[in-house]
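This report concerns only the one structure given below.
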């Protein structure tokens, strides 16, 4: 397998890895957004529930009902706290996926740059060979002309 062919295979493989890293990043961003949406929903529900209880300032409520309300609100706050942790974990995963994508993009770019350099070097070598052949033909014609006269 020639160096050029091996380099082409490496570029193709790096391209697939980059595309996979992009897909993973997109998936992790979607998961983070879903977790954030769920947190927002929990917080909105807690606020709505608290506002419903706050609309009756002079109402008398039985102590058992108040106990259940406070217990429910504590559970909602706890769930929101857990969901905040989940959102943070998803944010960390997004960061890891972004760094992985950057690494694959850098690898692909360096392989493409190397491939361009090798192609340019091959063109230069071909041009030098052609120039050498032209110079040799010109020298032979000059010798023939000099020997013939």
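For this structure, a couple of remarks:
- Between the Cα long axis of helix 3-54 and the first principal axis of the chain there is an angle of about 10°, rounded to the nearest 10.
- Burial order of peptide ranges 29-37, 136-144 (average beta-carbon count within 10 Å, highest first): 29-37, 136-144
- Interatomic Cα distance distribution for the chain, bins of 10 angstrom, percent: 10, 18, 14, 13, 11, 10, 8, 6, 4, 3, 2, 1, 1
- Length added when fully stretched, residue 124-residue 60, from 0.36 nm per residue minus Cα-Cα: 13.8 nm
- Short-range pairs are left out: with C-alpha atoms under 8 Å and at least six residues apart, the relative contact order of segment 3-118 is 59 percent.
- Given in Å, the Rg to one decimal and the Dmax to the nearest whole number for the Cα atoms of segment 60-140 are 34.8, 117.
- Computed E for residue 5/residue 26 - FRET, C-beta separation, R0 41 angstrom, nearest 0.05: 0.80
Throughout, read-outs are computed from the coordinates displayed, never taken from laboratory work. Being a predicted model, the structure only gives us computed values, none of them experimental. Using ideal geometry, Cβ is built from the backbone for each residue, glycine included, and neighbour counts are taken over all protein chains shown.
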